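Asks: Below are the C-alpha cells for one structure; questions will follow.
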Amino acid sequence: MLDADPPPRLLRRWEIDASGVEAVGTGRRSWRVDSADGVFYLKEYVEPERRRLVFRHAVTAALDEAGLPVLAPMAARGGRTLVTAAGRGYVLYPWVGGRGRGGLELTFGQCEALGELLGRLHAALDRLTPPVQQSLLVPTPRAADAAVAVEEMARDVPGDGTDFDALTARRLRERRDLLAEFAGHQPPEIETSTVGHLHGSFHAGHLRYGGAGNVTAVLGWGGLTTGPVAGEVVRAAARLFVCDDERGLDLDRVQAFVRGHRTAFPLDAGQIQSAVHREWWERLCDVAPLRHRYLGGPGSAPADIALVAWWSVHLDRTLDAFAAPYTDDALGDSPAYG
C-alpha cells in the first residue's frame, strides 16, 4: 500500500521547508504544499517514464519561457525536474490559482480568445519541438465492427421489463440504425494534413481563468502527443461547446473558437472539414459511452451519446460551420457577431 504522504525529506530537494502538506484530487497521488516561500503542487509517479517526463518538462518549460500560460516544473538542487525517492518519481510545480469555466459560459469574444490561445500553443510547439513525420495512413474504425458490438450489448440488456431496460434497448437500436444509415460515410484512410506536437487533452477541466476572464493556466500536459493539428482543434471545440442535452454543439461558439485559432495558426477549410468528418465518425463508432451509460462499463458521459445522434442529423451543417472562418471572411455574416 502506498504511504499517505510523500517521503518526509523529499521537499528539501527543492529547498522548501513545508508548513503543511495536504493530499488533493481523487485517485491521484498529489499534494498541496504550503510554505513560507509560497504554495506548490507536488505530483507523484509510481513508475515514472523518465524519457517521456523529461521531454514533457522541456516542452512545458519552453512554452512558459515563451510567455504562454503553461506551468513549468520547478528544478530541484542539481537542476533536475524529476526527482526520485524510494523508487518513485516526484515533480513540483507552482500552485495555480483561478477557477474553471465551462465553454458555454464564455462570451463569443472569450471563445475566440481561447481558440487563439490554442493556436499560439500550436505555433509555439511547432517552433520549439522536433518535426513530426507525416503519416498518410490514418487508422479508421469500421461501422460493421461497431454494429457487431452494439448487437452484443443488446443481448446483454436485462429482460426485467423496467423503463431503464426499455430506454437501453431504444438507445442501442438508435445507434445500430445510425451505423447502418451512415456506413458509406467512412472517412478515407489516407489523408494529408498539417501535423505536429499537440496538447492532447484541451478541454474545460484543464483550463483555469483569472478574474478578468483570461486563461491563467493550461494544465493537463500528460496527454502531450503528436497528430493532425486540425484534429485537436475540432476535438477541443466539440468538448468545450457541447450541450448536456439534445441541442448538440453551440456552433456559434465553435465558429468563434476556430476563427481565433486561425489568427494564430492558420490551416485551411479542407483540413478542418476532414477533421470534423473524422471526429464525428469516430464518435459514431465508439460504443464505450453506450456501455458505460446503460450497462455499467467504463466510458464517458451521457452527453456524448446525445451528441452522436445530433451530429449525425446535422453532419452537413457542422461541416459548414466549422469551416466557416476559412470560407467566409465577413464576421458580420456569423450570428456570433450579429
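Asks: Within the bounds of the stretch 81-95, is there any residue that is under 18 Å from A264 (Cβ atoms) and either surrounded by 15 or more Cβ atoms within 10 Å (Cβ to Cβ) or outside the structural domain of A238 (by TED's automatic domain parsing) (or both)?
Replies: Going through the stretch 81-95, the residues under 18 Å from A264 (Cβ atoms) turn out to be none.
So far as the stretch 81-95 goes, no, none of its residues is under 18 Å from A264 (Cβ atoms) and either surrounded by 15 or more Cβ atoms within 10 Å (Cβ to Cβ) or outside the structural domain of A238 (by TED's automatic domain parsing) (or both).
Asks: I would also like to ask the following. Quick check: is even one residue across the stretch 222-244 over 18 Å from the mean Cα position of the chain (by Cα), in a loop (DSSP other than H, G, I, E, B) and among the charged types (D, E, K, R)? Working first, answer last.
Replies: Of the stretch 222-244, the ones over 18 Å from the mean Cα position of the chain (by Cα) are none.
Scanning the stretch 222-244 turns up no residue that is over 18 Å from the mean Cα position of the chain (by Cα), in a loop (DSSP other than H, G, I, E, B) and among the charged types (D, E, K, R).
Asks: Pairs only if they're at least six apart or on different chains, beta carbon under 7 angstrom, first in the stretch 204-226 and free of Cβ contacts under 8 Å to residues at least 40 places away in the same chain, second β-branched (V, I, T); list them, first residue then second.
Replies: Cβ pairs passing all conditions: H206/V218.
Asks: Just checking, does the stretch 274-291 include any residue being in a helix (DSSP H, G or I), among the aromatic types (F, W, Y) and surrounded by fewer than 22 Cβ atoms within 10 Å (Cβ to Cβ)? Write out each step before concluding.
Replies: Our first condition is that a residue be in a helix (DSSP H, G or I); within the stretch 274-291, this holds for 274-285, 288-291.
Now drop any that are not among the aromatic types (F, W, Y), which leaves 280-281.
The next check asks that each one be surrounded by fewer than 22 Cβ atoms within 10 Å (Cβ to Cβ); those that pass are 281.
Yes, the stretch 274-291 has at least one match.
Yes/no matrix, rows are residues, columns are (1) in a helix (DSSP H, G or I); (2) touching a residue at least 60 places away in the same chain (Cβ under 8 Å); (3) outside the structural domain of T226 (by TED's automatic domain parsing):
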position: C111; (1), (2), (3): yes, yes, no
position: A123; (1), (2), (3): yes, yes, no
position: G159; (1), (2), (3): no, no, yes
position: D177; (1), (2), (3): yes, no, no
position: P188; (1), (2), (3): no, no, no
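Asks: Please go through the stretch 66-79 and give me each residue that is over 17 Å from H199 (Cβ atoms) and loosely packed, with under 14 Cβ neighbours inside 10 Å, ordered by number. Show your work before the answer.
Replies: Restricting attention to the stretch 66-79, the residues satisfying the condition of being over 17 Å from H199 (Cβ atoms) are 74-79.
If the condition is that a residue be over 17 Å from H199 (Cβ atoms) and loosely packed, with under 14 Cβ neighbours inside 10 Å, then R77, G78, G79 are the ones that fit.
Asks: Right, next: State yes or no: is T129 of a type in the set (S, T, Y) and free of Cβ contacts under 8 Å to residues at least 40 places away in the same chain?
Replies: Values: of a type in the set (S, T, Y): yes; free of Cβ contacts under 8 Å to residues at least 40 places away in the same chain: no.
When the stated conditions are applied, T129 does not pass them.
The values are calculated or read from the model by the stated rules, or taken from the named source; none is laboratory data. Computed from a prediction, not measured in an experiment: that's the story for all the values here. Glycine gets a Cβ as well: all are built from the backbone with ideal geometry, and neighbour counts include every protein chain shown.
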